[in-house]
1. I need the peptides 314-320, 394-400 ranked by packing, meaning the mean over residues of other C-beta atoms within 10 angstrom, with the highest value on top.
2. Hey, what's the range 207-313 come to in accessible area per residue, 1.4 Å probe, Å²?
3. For the peptides 261-272, 188-199, 478-489, what is the packing order when you average, over each peptide's residues, the other Cβ atoms within 10 Å and list the highest mean first?
4. Quick one: Kirkwood hydrodynamic radius for the chain, alpha-carbon pairs, angstrom, one decimal?
5. Per the 1.4 Å probe, what fraction of the accessible area of the range 231-319, in percent, lies on carbon and sulfur atoms?
6. Label the range 391-509 by shape, choosing from rounded, prolate and oblate, from the square roots a ≥ b ≥ c of the eigenvalues of the Cα gyration tensor; if a/c is under 1.5 it is rounded, and otherwise prolate applies when a/b is larger than b/c, oblate when it is not.
7. So which aspartates and glutamates pass the test for K429, namely a Cα distance under 18 Å, with those fewer than 8 places away in the same chain ruled out?
8. Once the Cα atoms of helix 43-54 and of the chain are each reduced to a long axis, what angle between those two axes, in degrees from 0 to 90 to the nearest 10, is obtained?
Amino acid sequence: MTKEERKVILASSLGTVFEWYDFYLYGSLAAVIGANFFGMYPESTRNVFALLAFAAGFLVRPFGALVFGRLGDLVGRKYTFLITIVIMGASTFLVGILPTSEQIGIIAPVVLIVLRLLQGLALGGEYGGAATYVAEHAPNGRRGFYTSFIQITATAGLFLSLIVILFTQIAVGPDNFRAWGWRVPFLLSIVLLGVSVWIRLQMQESPAFKKMKEEGTGSKAPISEAFGQWKNAKIALFALLGLVAGQAVVWYTGQFYVLFFIGQVLKVDPFTQNMLVAWSLVLGSGGFVFFGWLSDKIGRKPIILGGCLIAALTYFPLFKLLSAEANPALAAAHANIEVRVLANSNDCSFQFNPTGTVTFTKPCDVAKAALARASVNYRVEPVPQGTVASIRIAGGAPIVAGTPTFAAELASALTAAGYPAASNPTVVKMNSPFDIFREQPAVLIAIMTLMVIYVTMVYGPIAAALVELFPTRIRYTSMSLPYHIGNGWFGGLMPATAFAMIAQTGDVYFGLWYPIVVALGTVVIGIFMVPETYKRDIFNDDVTTLAGEPAPARH
């Protein structure tokens, strides 16, 4: 690796780490931000703001991919992802100095949502730019290794945001953090922005883009060429379904759903949650580079699709082992205590609520949601229509849902039957970041590290695989859209979908079917419809092919 190539990777990776850091801050601090900007408004107004914040976080990313992907294919990779990082960094810094709703009224949440929308749009353009820029600097036969450093950035950004938030909380104390300390991680982004912009200003345009410009073969309408012509659009479609969708659900399961599961289902305290995840990231993240390097030797598809397949086959035993280790008393209750919801299926809703704005009020929905929040396994027993839904625990008397005393009766009955309190002494608890040399935290970190390794298998080679599928003239646009639809929609909707599936079935593990089915679908589509590309010469080959069609060889 030459000095210039190292600078390319450093500039691209460092900037992308900071963009992910900025993006994750909002998610990590959503509760305190909501209290400062949305808390004083009525529920209907809060719901609108919550919906917009959610849309900004996940749903607008593909639109950013289109806007900045088009720009990157028209004017260049370097200048486009300079624009994205300035937008992201400035938006994040402005959140840190934005007055609260108590100070300037409804202007505060409106401006916050605008800034969040800008963040989502910028992130939609950043990843494709960084991945394309590095790949177009990498020599043939080394593209997987070079782009794998970009793949570390999302995990590094998450890790950096957790660490900055943790140390800020320790430094200022819980009360000060809620009052003003939450602004510190946002304000620090201006320093990161300055460093990133300075480094990126030193860089040159990518060789492939310069060659295309010199030859006059650039696209005049990248979006319509990429998605309006079936020969190109089909590649993007199969890239989404045969690579990115499975990658996204494995990525979100290994880094986010596992956090949701040990916190919301297994009732592990927030500090221990974050420490377990942080250690698993530290121990497993080297896999990004390893599998990127390996994909240069044996191909992209065997590693990405293999990771999807292994994850799909092992998620159920791994999550059950997580339960048995993290909260043994709760795992025993799941196995031994029978809980039934007596309800007519016509009176029950599918509780899909990604924005948190929908209120489910039917007695059946109230009963199911209460049991799901309490991490109780149950099954639904049908009753005649018109019968008010109720819960029967271990053969006891029915507890009618929706009554004023329902919550108290349910809690009392669960405790009497043997369901443990959230604070039961068997729940894993870490007393310090280095309290890992005991069986419980050590086993949990090992399980979660394995899931991070699955993440590195599917994510390490994905940038190289996507770059190689498309010609230079539409590469930035074509690879960015399937990536952000896959990760923003397939992955981003996973926690809400999984909770709805758990509430619907009464099985705390049933939500795992979502990533399993998507990952297996990706394996099948990827095998038959996505070509192997690791031998392609992206500097000379300007065609796209599907699996089964002759792929250009590396020269």
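The values are calculated or read from the model by the stated rules, or taken from the named source; none is laboratory data. This one's a predicted model, so the numbers in the text were calculated from it and none came from an experiment. For neighbour counting, all protein chains shown are included, and Cβ atoms are generated from backbone atoms with ideal geometry for every residue, glycine included. Calculation scope for accessible area: heavy atoms of the full protein, side chains included, ligands and nucleic acids excluded. Shrake-Rupley method; radii C 1.70, N 1.55, O 1.52, S 1.80 Å.
1. Ranked from most to least packed, the peptides come out as 314-320, 394-400.
2. 36
3. The packing order, highest mean first, is 478-489, 261-272, 188-199.
4. After inverting the pairwise mean of 1/r, the radius is 24.7 Å.
5. 75
6. oblate
7. D269, E325, E439
8. The angle comes out at about 40 degrees.
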